[in-house]
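Taking it in order: structure first as structure tokens, then the write-up.
The values are calculated or read from the model by the stated rules, or taken from the named source; none is laboratory data. Not measured: the values here are computed from a predicted model. With ideal geometry, Cβ positions are generated from the backbone for all residues, glycine too; neighbour counts draw on all protein chains shown. Side chains included, ligands, DNA and RNA excluded: accessible areas come from the protein's heavy atoms. Shrake-Rupley method; radii C 1.70, N 1.55, O 1.52, S 1.80 Å.
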Amino acid sequence: KNGSGIAGIIKHEGMVLAKQPTPATATATATLTAAQVLARILVCTHAASGANVNLVMPAGTVITAGLPTSLEDDDAWELTIINVGTNSAADTYTITTTDGTVVLTGSMVIQSNHSSITSANIGRFRIRRTSADNYAVYRIG
């Protein structure tokens, strides 16, 4: 596979350890940076109560600039977003996009951690490079 690994199955028994940088954070509506998207964990805390906050995905060119040049089409990574807001049930976060270089699939709403909410306050997403400077974001959990 052009030196980037082998196609097939990798069987591993035991614990797998990976280096995890300090989780990125967000509080208010903003366009995410490449560093936030690549941190693998994004912890969100509402600055105010009772409103949705939009997390705008960066343009594909911005994501590409933060990645190694060896990244190929169909390479992917996961991003877990944790909403620790507890002030109101309406303290949700929604992933949005402003251009066609990032396509969103599935529910992009991460619920509040308020005591009245029964669904998970965590969203797991797989981000896949589909072609040069283009990405797909899939809700997987």
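Tell me which of these ASN54 doesn't satisfy, since it passes every other one: (1) in contact (Cβ under 8 Å) with a residue 40 or more places away in the chain; (2) open to solvent by less than 40 Å² (accessible area, probe 1.4 Å).
Unmet for ASN54, out of (1) in contact (Cβ under 8 Å) with a residue 40 or more places away in the chain; (2) open to solvent by less than 40 Å² (accessible area, probe 1.4 Å): (2).
Of THR64, THR25, which residue is outside any loop (DSSP other than H, G, I, E, B), among the β-branched types (Val, Ile, Thr) and open to solvent by 70 Å² or more (accessible area, probe 1.4 Å)?
None of the other options fit; the residue is THR25.
So, in segment 28-51, exactly how many residues are open to solvent by less than 10 Å² (accessible area, probe 1.4 Å) and either in a helix (DSSP H, G or I) or without any contact (Cβ under 8 Å) to a residue 12 or more places away in the chain (or both)?
Summing the residues that are open to solvent by less than 10 Å² (accessible area, probe 1.4 Å) and either in a helix (DSSP H, G or I) or without any contact (Cβ under 8 Å) to a residue 12 or more places away in the chain (or both) in segment 28-51 gives 1.
I need the full set of residues from segment 28-55 which are among the polar types (S, T, N, Q) and either touching a Leu at 6+ places or on another chain (Cβ under 7 Å) or closer than 24 Å to ALA65 by Cβ (or both), in order please.
Within segment 28-55, THR29, THR31, THR33, GLN36, ASN54 meet the criteria.
Take the residues of segment 67-91 that are acidic (Asp, Glu) and more than 16 Å from PRO23 (Cα to Cα): which is most open to solvent (accessible area, probe 1.4 Å)?
ASP74
Against the definition (of a type outside the set (D, E, K, R) and loosely packed, with under 15 Cβ neighbours inside 10 Å), how does ALA120 come out, yes or no?
Taking the combined requirement at face value, the residue satisfies it.
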